[in-house]
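Colleague: Take a look at this one; I'll ask things after.
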Amino acid sequence: MTAHAEACSAQDSFQSAADKMSSLGVGALPVVQNGQVVGMVTDRDLVVRGLSPNETAGTIQGVMSYHVVTVSPVASVEEAAALMSQNQVRRLPVVENGNLVGVLALGDLAVQQQSDQKAGAALSEISEKDHLH
């Protein structure tokens, strides 16, 4: 997970959120109010919802998703992957005692799985060589 993840507030402007996403190289930010995760906003939200003729407020509150699926920092990789799959999301805010402590992205799980596979392959090779001697 990305620890100490950046976030924005519901009152932030589209430009502020877009600038933060750009400087961080991310496509989504948790929306936090009083330390609590209250939503998520993506670059797509800013474009599709933010540029719609019905959006006049110009703040994140008008375009963010309110249904946020979160995960605990002690959850297993399998639990996190299942949550992503069930809810069709690519990012999970990691929340402990109601406070944002990080963000887990689908890419983080892919890297972990590749690392686990490489370690398993190396262990298999080592075991085979030890068994032959």
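The values are calculated or read from the model by the stated rules, or taken from the named source; none is laboratory data. Bear in mind that the values here come from a model prediction, so they are computed numbers and not experimental data. Cβ coordinates were reconstructed from backbone atoms using ideal geometry, including for glycine residues, and neighbour counts include every protein chain displayed. Note: accessible area is taken over every heavy atom of the protein model, side chains too, but ligands, DNA and RNA are not part of it. Shrake-Rupley method; radii C 1.70, N 1.55, O 1.52, S 1.80 Å.
Colleague: Hey, among Leu104, Leu100, Leu51, Leu29, which residue is out of contact with any Ser or Thr (no Cβ under 6 Å at 6 or more places or on another chain), modelled with pLDDT of 85 or more and open to solvent by 30 Å² or more (accessible area, probe 1.4 Å)?
Modeller: So the residue among Leu104, Leu100, Leu51, Leu29 that is out of contact with any Ser or Thr (no Cβ under 6 Å at 6 or more places or on another chain), modelled with pLDDT of 85 or more and open to solvent by 30 Å² or more (accessible area, probe 1.4 Å) is Leu100.
Colleague: Could I ask something else about it? Looking at Ser22, is it under 25 Å from Leu109 (Cβ atoms), polar (S, T, N, Q), at pLDDT 90 or above and exposed (fewer than 12 other Cβ atoms within 10 Å of the Cβ)?
Modeller: yes
Colleague: Give segment 3-17 a look and list any residue that's touching a residue at least 12 places away in the same chain (Cβ under 8 Å) and open to solvent by 80 Å² or more (accessible area, probe 1.4 Å), or say none.
Modeller: Matches in segment 3-17: His4, Glu6, Gln11.
Colleague: For segment 56-102, enumerate the residues that are under 15 Å from Met40 (Cα atoms) and among the polar types (S, T, N, Q).
Modeller: Selection gives Thr59, Gln61, Ser65, Thr70, Asn87, Gln88, Asn99.
Colleague: Then there's this: Only one residue in Thr42, Thr59 is under 12 Å from the mean Cα position of the chain (by Cα) and open to solvent by 30 Å² or more (accessible area, probe 1.4 Å). Which one?
Modeller: Thr42
Colleague: For segment 62-97, enumerate the residues that are farther than 18 Å from Ala10 by Cα, open to solvent by less than 90 Å² (accessible area, probe 1.4 Å), of a type outside the set (Val, Ile, Thr) and in a loop (DSSP other than H, G, I, E, B).
Modeller: Hits for segment 62-97 are Ser72, Pro73, Ala75, Ser76.
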